[in-house]
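The values are calculated or read from the model by the stated rules, or taken from the named source; none is laboratory data. Everything numeric in this text was worked out from a predicted model, so none of it was measured. Cβ atoms come from the backbone with ideal geometry, glycine included; neighbour counts cover every protein chain shown. Just so you know, the surface numbers come from the protein's heavy atoms only, side chains and all, with ligands and any DNA or RNA stripped out. Shrake-Rupley method; radii C 1.70, N 1.55, O 1.52, S 1.80 Å.
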Amino acid sequence: MKSDEIYVKRLSIDDADEVSKISSKVNAKNKDINNERNGFLIFEFNSEDYSKKIQNSEYCFGAFNDEDKLIGFIISFSGYEIDEYRAKGYLDYEADMLSKVKELAGDEIFIWGEQIAIYPGKYRKMGVGTKMLETLYSTMKKDNIKKMFAMVAMHPDTNIAGISFCKKNGFDFISFIIDKNNMMWCLMKHEFE
């Protein structure tokens, strides 16, 4: 399959089950994958949680193959959406990270890239993640949003593939953050001129 046979569109709540399945496949607890080389997610959510995330953000996109099957997703929020979502009691597990991001962003609106994942196997290394990120960047530019932040796991598991992906797609290292669970994260930022 070629990457031009893959299209990206905004996720709908109908996609939440498939998002959850992909999340489960690439979760750090899944030892069937080479985590450091292929990347992984630390936090795995159920379909209901993903449905809430998708419903509460205009910045969640999915990559679909030529059979309209979801093969990857990106979950992200604007700073404004984060405030609303946290007021509903969500994203508490990321409170330390989000506080640092909000401090760095100042008064500017920004995007928080919470998760990106590609179904393991044949869809990896085909530019699917970059294609989703380009769609997100295009939406950000349309909405006059110039900053995007992302966190990549560093310890106890190091997501080398995640760090490489971020660097390849214009992110710069900002700092390390240790959260309340003693996990170390690499904070990265992409900024448009």
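Quick look at the numbers
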{"quantity": "Flag for residue 150 being in contact (Cβ under 8 Å) with a residue 60 or more places away in the chain and not in a helix (DSSP H, G or I)", "calculated": "no"}
{"quantity": "Residue under evaluation residue 132, criteria (1) in a strand (DSSP E or B); (2) touching a Phe, Trp or Tyr at 6+ places or on another chain (Cβ under 6 Å), criterion not met", "calculated": "(1)"}
{"quantity": "Considering residues of region 153-169 that are within 15 Å of the chain's Cα centre (by Cα) and part of a loop (DSSP other than H, G, I, E, B) only, the residue surrounded by the most Cβ atoms within 10 Å (Cβ to Cβ)", "calculated": "159"}
{"quantity": "Residue 129, sole failed condition from (1) touching a strand residue (DSSP E or B) at 6+ places or on another chain (Cβ under 6 Å); (2) at pLDDT below 90; (3) under 15 Å from residue 63 (Cβ atoms)", "calculated": "(2)"}
{"quantity": "Residues satisfying the stated conditions in region 142-175, i.e. out of contact with any strand residue (DSSP E or B) (no Cβ under 7 Å at 6 or more places or on another chain) and among the basic types (Lys, Arg)", "calculated": "142, 167, 168"}
{"quantity": "Residues located in region 1-22, provided they are small (Gly, Ala, Ser), closer than 21 Å to residue 161 by Cα and either at pLDDT 90 or above or touching a Pro at 6+ places or on another chain (Cβ under 7 Å) (or both)", "calculated": "20"}
{"quantity": "Which numbered condition residue 59 misses (of (1) modelled with pLDDT under 90; (2) touching a helix residue (DSSP H, G or I) at 6+ places or on another chain (Cβ under 9 Å))", "calculated": "(1)"}
{"quantity": "Within region 121-139, tally of residues that are open to solvent by less than 30 Å² (accessible area, probe 1.4 Å) and either polar (S, T, N, Q) or closer than 23 Å to residue 43 by Cα (or both)", "calculated": "8"}
{"quantity": "Sole exception among (1) free of Cβ contacts under 8 Å to residues at least 40 places away in the same chain; (2) on the phi < 0 side of the Ramachandran plot; (3) of a type in the set (Asp, Glu) for residue 58, by number", "calculated": "(1)"}
{"quantity": "Options 142, 147: the member that is basic (Lys, Arg) and either touching a Leu at 6+ places or on another chain (Cβ under 7 Å) or open to solvent by 30 Å² or more (accessible area, probe 1.4 Å) (or both)", "calculated": "142"}
